Amino acid sequence: MVVRDIANKSAAKIATMGELSSQSGSAVQGEILIRDVKKTFVQPSGETITALSRVNTTIRPGEFVTLIGPSGCGKSTLLRLIAGLLQPDEGTLTLDESPIQAPHFERGLVFQDPTLFPWLTVEDNVAFGLKARGIYKKKKGEVQTFLGLVGLGGFGKSYPHQLSGGMAQRASLARALINHPKVLLLDEPFGALDAFTRMNMQEELLRIWKERGTTMVMVTHDVDEAIYLSDRILVMTTRPAKIETSITVELARPRARGNPEFLQLRSRILEILDFAGKVEEPAYYL
Ligand SMILES: Nc1ncnc2c1ncn2[C@@H]1O[C@H](COP(=O)(O)OP(=O)(O)OP(=O)(O)O)[C@@H](O)[C@H]1O
Ligand SMILES: [Mg+2]
């Protein structure tokens with residue numbers, strides 16, 4: 001009840017899963033439908049664990065969505081399913097009405113640790129996708145464009161070991177973006193960065209998102225980061241995970257982290273995270 005009172009006063013909307021599944025979207029660029037997705041894993045001990053159970057959501061084209069939830073609840077699993085790196089045991093995932101069956105350049109991936117090839121220069125790393133797709137000759141001018149977009153204009157000839165963590169993550173972003181993905185999937189992309197670099201990278205990501213209109217799905221453990229960036233925050237329960245709560249962040253951008261409404265929303269999410277998965281019928285269902 002306390003949570004309900006706070007919710008009514010704050011700059012956010014909470015929807016239950018029932019309301020979410022009724023928000024059906026039309027077929028436009030970058031729309032992800034996740035329907036009744038279940039994923040189990042067989043552990044080395046032989047035990048089968050259910051990572052995700054009945055995950056349902058619709059991510060709208062150009063939406064910035066973050067996934068937040070307890071460690072080990074299945075956030076990365078959900079991102080890997082959207083990437084096509086894993087297949088669900090049950091249920092369906094589609095992008096613009098096409099089933100997601102395998103990795104594809106239209107769904108870019110950025111992980112916590114920059115996965116650059118150490119033997120390639122920054123520009124060769126960024127050009128990698130173009131070469132793999134056989135379109136490098138036609139598109140090589142884009143390498144400098146995307147290096148510029150992420151603020152690495154002068155670093156094309158550098159090698160990954162010559163970059164700071166933030167610069168390497170910028171290069172990873174450029175490498176994903178050069179493929180003009182409809183969706184960018186980010187798994188704790190700034191988790192290994194210091195607080196100052198992290199805030200800079202958040203600004204960069206917002207700028208790129210506004211410029212390119214890419215649908216963003218990002219996993220984070222940082223509640224402030226989720227509020228600062230997202231149109232919507234999906235709170236997941238402990239394993240077997242479901243999306244319990246969807247919070248639409250209605251604060252105007254640019255958002256101020258010290259703003260009372262920001263802080264109120266942060267307290268509410270922390271409260272939900274504390275409850276998530278611990279009770280059968282959570283009181284925050286509205
Ligand atoms: N390939 C795999 N084989 C076996 N079990 C797996 C595999 N991938 C994930 N799991 C299990 O599935 C569960 C969810 O893992 P996942 O990595 O999705 O969690 P997470 O929410 O991303 O956690 P964290 O916040 O710590 O990154 C965990 O119990 C994990 O051990
Ligand atoms: Mg993870």
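Kindly check whether there is at least one residue in the stretch 143-151 that is on the phi > 0 side of the Ramachandran plot and either modelled with pLDDT of 95 or more or part of a loop (DSSP other than H, G, I, E, B) (or both).
Taking every residue of the stretch 143-151 in turn, at least one turns out to be on the phi > 0 side of the Ramachandran plot and either modelled with pLDDT of 95 or more or part of a loop (DSSP other than H, G, I, E, B) (or both).
For the stretch 45-117, which fully contained strands (runs of 3 or more DSSP E) count at least 1 residues that are more than 30 Å from H161 (Cβ to Cβ), open to solvent by 50 Å² or more (accessible area, probe 1.4 Å) and near ligand 1 (Cβ under 10 Å from one of its atoms)?
So the answer is 48-59.
Okay, residues lined up against (1) buried (at least 21 other Cβ atoms within 10 Å of the Cβ); (2) within 15 Å of V55 (Cβ to Cβ); (3) in contact with a helix residue (DSSP H, G or I) (Cβ under 8 Å, 6 or more places away or on another chain):
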| site | (1), (2), (3) |
| --- | --- |
| V219 | yes, yes, yes |
| V223 | no, no, yes |
| L229 | yes, no, yes |
| V235 | yes, yes, yes |
| R239 | no, yes, no |
| T245 | yes, yes, yes |
| V249 | yes, no, yes |
| A252 | no, no, no |
| G258 | no, no, no |
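Which residues, counting only those in the stretch 208-228, are assigned to a helix (DSSP H, G or I) and either of a type in the set (S, T, Y) or within 13 Å of R266 (Cα to Cα) (or both)?
V223, D224, E225, A226, I227, Y228 - these are the residues of the stretch 208-228 that are assigned to a helix (DSSP H, G or I) and either of a type in the set (S, T, Y) or within 13 Å of R266 (Cα to Cα) (or both).
Which count do you get for residues in the stretch 162-188 that are within 16 Å of ligand 2 (Cβ to nearest atom) and either within 25 Å of S98 (Cβ to Cβ) or buried (at least 22 other Cβ atoms within 10 Å of the Cβ) (or both)?
Kept after step one, since they are within 16 Å of ligand 2 (Cβ to nearest atom), are these residues of the stretch 162-188: 185-188.
Applying the additional criterion that residues be either within 25 Å of S98 (Cβ to Cβ) or buried (at least 22 other Cβ atoms within 10 Å of the Cβ) (or both) yields 185-187.
Final tally of qualifying residues: 3.
For a quick check of your reading of the model, give me the residue pairs whose first member lies in the stretch 75-89 and is touching a residue at least 24 places away in the same chain (Cβ under 8 Å), whose second is of a type in the set (S, T, Y) and within 10 Å of ligand 1 (Cβ to nearest atom), with beta-carbon atoms closer than 9 Å and at least 6 apart or on different chains.
Here the result reads K75/T220; L86/T77; D89/T40; D89/T50, each pair linking the stretch 75-89 to a residue that is of a type in the set (S, T, Y) and within 10 Å of ligand 1 (Cβ to nearest atom).
For the stretch 65-82, give me each residue that is in contact with an Asp or Glu (Cβ under 9 Å, 6 or more places away or on another chain) and either of a type in the set (S, T, Y) or away from ligand 2 (no atom under 13 Å from the Cβ) (or both).
V65, T66, S76
Out of A127, A192, report the one residue that is under 28 Å from D222 (Cα atoms), small (G, A, S) and either open to solvent by 40 Å² or more (accessible area, probe 1.4 Å) or in a helix (DSSP H, G or I) (or both).
So the residue among A127, A192 that is under 28 Å from D222 (Cα atoms), small (G, A, S) and either open to solvent by 40 Å² or more (accessible area, probe 1.4 Å) or in a helix (DSSP H, G or I) (or both) is A192.
Within the stretch 240-255, can one find any residue that is within 16 Å of ligand 2 (Cβ to nearest atom), of a type in the set (A, V, I, L, M, F, W, C) and in contact with a Cys (Cβ under 6 Å, 6 or more places away or on another chain)?
At the first step, the residues of the stretch 240-255 found to be within 16 Å of ligand 2 (Cβ to nearest atom) are 240-241, 243.
So of that shortlist, the ones also of a type in the set (A, V, I, L, M, F, W, C) come out as 241, 243.
Retained after the next criterion (residues that are in contact with a Cys (Cβ under 6 Å, 6 or more places away or on another chain)): 241.
For the stretch 240-255, residues within 16 Å of ligand 2 (Cβ to nearest atom), of a type in the set (A, V, I, L, M, F, W, C) and in contact with a Cys (Cβ under 6 Å, 6 or more places away or on another chain): present.
The values are calculated or read from the model by the stated rules, or taken from the named source; none is laboratory data. Since this is a predicted model, take the numbers as computed values, not measurements. A quick note on method: Cβ atoms are made from the backbone with ideal geometry, for glycine too, and the neighbour counts reach across all protein chains shown. Areas reflect the complete protein model, heavy atoms only, side chains present, ligands, DNA and RNA absent. Shrake-Rupley method; radii C 1.70, N 1.55, O 1.52, S 1.80 Å.
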